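What follows is one structure encoded as structure tokens, with my remarks underneath.
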Amino acid sequence: MQRQRVVVIGAGFGGLFAIKALRKAPVDITLINGTAYHLFQPLLYQVATGILSEGEIAPPIREVLKRQGNVDVRLGWAQSVDVEAKTVSVSGPGIDYTVPYDTLIVAAGAAQSYFGNDGFADYAPGMKSIDDALELRARIFGAFEVADLQTDAEAIDRWLTFVVVGAGPTGTEMAGQIAELAHRNLPGQYKHIDPRRARIILVDAVGAVLNTFGDHLSTRALRQLHLLGVEVELNTKVVGVDATGIEVETERGHQRIPTMTKIWAAGVAAPPLARKLAEAAGAKTDRAGRIFVEPDLTVPGHPEIFALGDMMNLADEHGDPLPGVAQVAIQGGRHAADQIRRRLAGQQTGQPFRYFDKGSLATISRFSAVASVGRLHLSGFAAWLIWVAVHLFYLVGFKNRLTAVMHWAVSFLGRGRSERVSTQQQAFARQAIRAYGDPFERERQQNKP
């Protein structure tokens with residue numbers, strides 16, 4: 001039997017699980033990815049807040065797949081797809097190349113969406129990559145360092161105010177961890193400021209925290225955030241972001257929040273490749289750029305092309321769009337692999353994708369989380385244990401699981417953060433001084449006779 005050429009774009013959950021499911025199939029797989037690692041995105045916020053190192057959530061792809069001989073890993077960024085010639089045009093480091101395919105799996109993930117206000121990204125980074133997480137780490141820990149240099153009370157308050165936009169799982173987890181830093185980990189380490197004075201503000205345009213978890217767990221999460229000292233501003237729309245503050249529209253009217261540290265955790269959009277593929281294949285996309293796919297996850301009119309995860313728009317049996325969560329991508333990758341195997345065996349294909357909802361998890365703080373699994377709704381320590389077990393199960397590699405447990409012990413049982421170092425902290429401090437002024441120069445001007 002002639003071996004089929006399968007090209008996979010993206011080494012996220014969808015792409016990686018599809019490849020693993022094809023390990024014994026008579027196929028030659030070419031994996032195209034813009035980085036040399038697989039990213040466990042749900043734990044990025046722990047890299048940003050100094051709990052985990054980047055290596056623990058980003059194992060090298062070649063190491064993950066080293067025992068799978070039918071995979072060729074290639075570094076590059078897919079630029080376009082020629083659906084007639086069945087080729088993918090790729091831009092690699094210093095070289096452009098073309099890869100032919102018999103079957104194409106596109107699982108290129110998602111990009112941060114600023115809802116048409118892309119200029120916000122300069123002042124409020126998102127959290128979609130390792131670079132994003134390390135920049136946020138520099139900004140968060142750097143804010144306390146620069147605050148310690150200030151002599152003006154308003155300047156200190158500005159540096160000790162952290163605004164997180166988006167009250168979904170990522171934003172809620174980030175706000176909770178910054179609150180833990182300020183109130184539990186950092187007190188006693190600064191001579192001129194009290195980190196417990198920090199304000200952590202969680203902002204969202206909707207009316208509930210974790211609104212997809214249901215009213216009961218949403219209320220529990222809101223209560224826990226208040227206990228941590230997080231100020232939650234719901235029904236609040238962000239209308240402006242600049243170097244020294246954020247503008248919001250609330251039920252009380254227009255308001256400006258002075259802050260030097262803004263974090264964007266609201267909204268995702270499909271990458272540009274999704275629109276290019278849709279145009280080439282004559283498919284439709286939604287407002288976020290996701291491709292409307294057939295029930296079997298193929299692009300309409302092209303049964304040889306699968307679109308997975310955050311790139312696709314597919315409704316469940318109730319007519320609701322499938323959520324952009326890891327489980328949808330994982331199960332979608334396995335479904336695509338099953339369809340490929342069936343096709344190679346001469347069996348009937350086109351079976352619809354059935355998503356099995358394994359539940360939703362979000363951690364609020366140490367020993368406290370919320371879990372919605374079927375009819376089971378848990379909060380507190382029991383939900384946190386489930387959260388730990390699930391995340392350890394899906395972390396790739398025994399070494400990653402072991403070191404993650406060790407760092408969690410340091411952070412959750414003790415009061416340390418073992419990963420506070422960031423090479424970007426000095427660059428952040430220089431940018432901050434340019435935006436707000438040199439504190440020592442201001443003091444010299446004030447003390448002039």
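Once segment 309-329 is narrowed to residues that are assigned to a helix (DSSP H, G or I) and surrounded by fewer than 21 Cβ atoms within 10 Å (Cβ to Cβ), the residue that is farthest from the chain's Cα centre (by Cα) is Gln327.
Which one of Arg197, Arg220 is closer than 20 Å to Gly245 by Cα, in contact (Cβ under 8 Å) with a residue 24 or more places away in the chain, out of contact with any Cys (no Cβ under 7 Å at 6 or more places or on another chain) and of a type in the set (Lys, Arg)? Walk me through it before giving the result.
On the way: Arg220 fails: closer than 20 Å to Gly245 by Cα.
Exactly one residue qualifies, and that residue is Arg197.
Conditions tested, residue by residue: (1) buried (at least 24 other Cβ atoms within 10 Å of the Cβ); (2) within 30 Å of Ala143 (Cα to Cα); (3) among the β-branched types (Val, Ile, Thr).
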residue: Arg3; (1), (2), (3): no, no, no
residue: Thr35; (1), (2), (3): no, yes, yes
residue: Ala48; (1), (2), (3): yes, yes, no
residue: Ser53; (1), (2), (3): no, yes, no
residue: Arg62; (1), (2), (3): no, no, no
residue: Arg67; (1), (2), (3): no, no, no
residue: Gly76; (1), (2), (3): no, no, no
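Every listed requirement among (1) within 30 Å of Arg3 (Cα to Cα); (2) without any contact (Cβ under 8 Å) to a residue 40 or more places away in the chain is met by Ala336 save one, (2).
Search segment 113-151 for residues being polar (S, T, N, Q) and either touching a helix residue (DSSP H, G or I) at 6+ places or on another chain (Cβ under 7 Å) or within 25 Å of Ile51 (Cα to Cα) (or both), and hand back the single one that is surrounded by the fewest Cβ atoms within 10 Å (Cβ to Cβ).
Start the filter on segment 113-151 by keeping residues that are polar (S, T, N, Q), which leaves 113, 117, 129, 150-151.
Then keep just the ones that are either touching a helix residue (DSSP H, G or I) at 6+ places or on another chain (Cβ under 7 Å) or within 25 Å of Ile51 (Cα to Cα) (or both); that gives 129, 150-151.
Numbers: Ser129: 19, Gln150: 20, Thr151: 12.
Among those that are polar (S, T, N, Q) and either touching a helix residue (DSSP H, G or I) at 6+ places or on another chain (Cβ under 7 Å) or within 25 Å of Ile51 (Cα to Cα) (or both), it is Thr151.
Does segment 13-25 contain at least one residue that is surrounded by fewer than 24 Cβ atoms within 10 Å (Cβ to Cβ), outside any helix (DSSP H, G or I), without any contact (Cβ under 8 Å) to a residue 60 or more places away in the chain and under 17 Å from the mean Cα position of the chain (by Cα)? No, every residue in segment 13-25 fails to be surrounded by fewer than 24 Cβ atoms within 10 Å (Cβ to Cβ), outside any helix (DSSP H, G or I), without any contact (Cβ under 8 Å) to a residue 60 or more places away in the chain and under 17 Å from the mean Cα position of the chain (by Cα). Residues that are among the basic types (Lys, Arg) and closer than 20 Å to Pro271 by Cβ within segment 57-82 comprise just one, Arg74.
From the list Pro300, Pro272, Pro295, Pro258, the one residue that fits, being surrounded by fewer than 16 Cβ atoms within 10 Å (Cβ to Cβ) and touching a Pro at 6+ places or on another chain (Cβ under 7 Å), is Pro295.
Bear in mind these aren't lab numbers, they're just calculated from the coordinates by the rules spelled out. None of the values given here were measured: they were computed from a predicted structure. When we count neighbours, we look across all protein chains shown, and the Cβ atoms used for this are built from the backbone with ideal geometry, even at glycine.
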